[in-house]
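Heads up: the structure comes next, in structure tokens.
Bear in mind these aren't lab numbers, they're just calculated from the coordinates by the rules spelled out. Everything numeric in this text was worked out from a predicted model, so none of it was measured. Every residue, glycine as well, gets a Cβ built from its backbone with ideal geometry; the counts of neighbours run over all protein chains shown.
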Amino acid sequence: MRSLRLRRTFDAVLCLGTAFNYLTTPGDIRKALDTFYHRLRPGGLVVLDLTNFDAWIDHPRNVGAEVDFRAHDGTRIAIFAFNEQNPSKTIHIARFFTVFQRGKRIEIGMDESPLKVWTETNLSRALRRHGFRPIGWYGDLRVGSRYRRKESPRMIAVAVRR
């Protein structure tokens with residue numbers, strides 16, 4: 001995402017699955033937006049699918065559990081999420097403790113990922129700074145899904161390359 005070395009341009013660049021949230025440093029964000037800009041034809045669209053932290057950042061659900069999920073092959077899975085934010089609420093730390101049981105074998109894992117917290121305002125500013133004009137905001141990837149800052153699970157930004 002930070003450096004696609006393709007020898008052509010496109011009508012659209014899609015950055016889905018909240019991947020853009022995983023870029024947390026100003027340098028990585030700048031590189032990604034510059035790459036998107038240079039891979040797009042003038043008038044091309046960039047679509048960013050982000051976690052909408054505004055829906056719960058002021059009152060976060062810091063602990064969650066998906067216990068005893070059962071896969072089709074009989075595997076049992078338990079996932080425990082422990083989340084926190086830095087004091088300025090610009091970085092969200094997502095931590096997952098997982099337990100997998102396959103037959104008699106049990107595997108335990110721990111994963112941690114820092115995520116950039118974007119708001120409509122600061123993302124609009126970043127897009128404009130890198131040559132894009134935001135043209136639409138959506139609450140998820142369903143057609144016609146309106147973005148509601150305090151309710152939508154996702155923040156889908158659509159911007160045009162100037």
So if I place +1 on the C-beta of Lys and Arg and -1 on the C-beta of Asp and Glu, and nothing else carries charge, what would the dipole magnitude of region 63-114 be about its Cα centre? I want it in debye, nearest 20.
180 debye
Got the relative contact order for the chain handy, in percent, Cα pairs under 8 Å and 6 or more residues apart?
24 percent
If one compares the long axis through the Cα atoms of helix 26-39 with the longest principal axis of the Cα atoms of the chain, the angle in degrees, nearest 10, works out at 60 degrees
Which ³J(HN,Hα) values, rounded to whole Hz and listed in residue order, are derived for region 150-162 from phi using the Karplus coefficients 6.51, -1.76 and 1.60 in 6.51 cos²θ - 1.76 cosθ + 1.60 with θ = phi - 60°, glycine and proline given as x?
9, 10, 5, x, 10, 10, 9, 9, 10, 9, 9, 6, 6
What is the set of long-range amide H partners of Gly44 at a cut-off below 5 Å, with H atoms built 1.01 Å from backbone N?
Arg161
Which of [x] 1.12; [y] 1.04; [z] 1.18 is the computed Rg/Rh (Cα atoms, Kirkwood Rh) for the structure on display?
[y]
With θ set to phi - 60° and the Karplus curve 6.51 cos²θ - 1.76 cosθ + 1.60, what are the ³J(HN,Hα) couplings of region 119-129 in order, to the nearest whole Hz, using x for Gly and Pro?
10, 4, 5, 6, 6, 4, 4, 5, 4, 4, 4
Give the order of Met155, Met1 when sorted by the count of other beta carbons within 10 angstrom, beginning with the fewest.
Met1, Met155
Taking the chain as a Gaussian network, Cα atoms linked when under 10 Å apart, which of Thr90, Thr51, Thr98 shows the biggest mean-square fluctuation?
Thr98
Quick one: which residues, 5 or more positions from Thr18 or on another chain, have an amide H under 5 Å from its amide H? H modelled 1.01 Å from N in the peptide plane, none for Pro or chain starts.
Asp49
Could you pull out every residue, at least 5 positions away or on a different chain, whose amide H is within less than 5 Å of the one on Asn52? Hs are placed 1.01 Å off N in the peptide plane, and Pro or chain starts have none.
Arg154, Met155
Given the rule -39500 (n - 2.57) for each run of at least 4 DSSP H residues, summed and divided by the residues of the chain, what is its mean residue ellipticity at 222 nm, to the nearest 500 deg cm²/dmol?
-4500 deg cm²/dmol
Lysines near Lys31 by alpha-carbon distance under 26 Å, same-chain residues fewer than 8 away left out - which ones?
Lys89, Lys116
Env charge @ Arg2, Cβ radius under 10 Å, K,R +1 / D,E -1, value 0
Taking the Cα centre of the chain as the origin, how large is its charge dipole in debye, to the nearest 20, when only Lys and Arg (+1) and Asp and Glu (-1) carry charge on their Cβ atoms?
820 debye
For the chain, set up a Gaussian network in which alpha carbons nearer than 10 Å are linked by springs, and say which option among Gly131, Gly64, Gly103 fluctuates the most.
Gly103
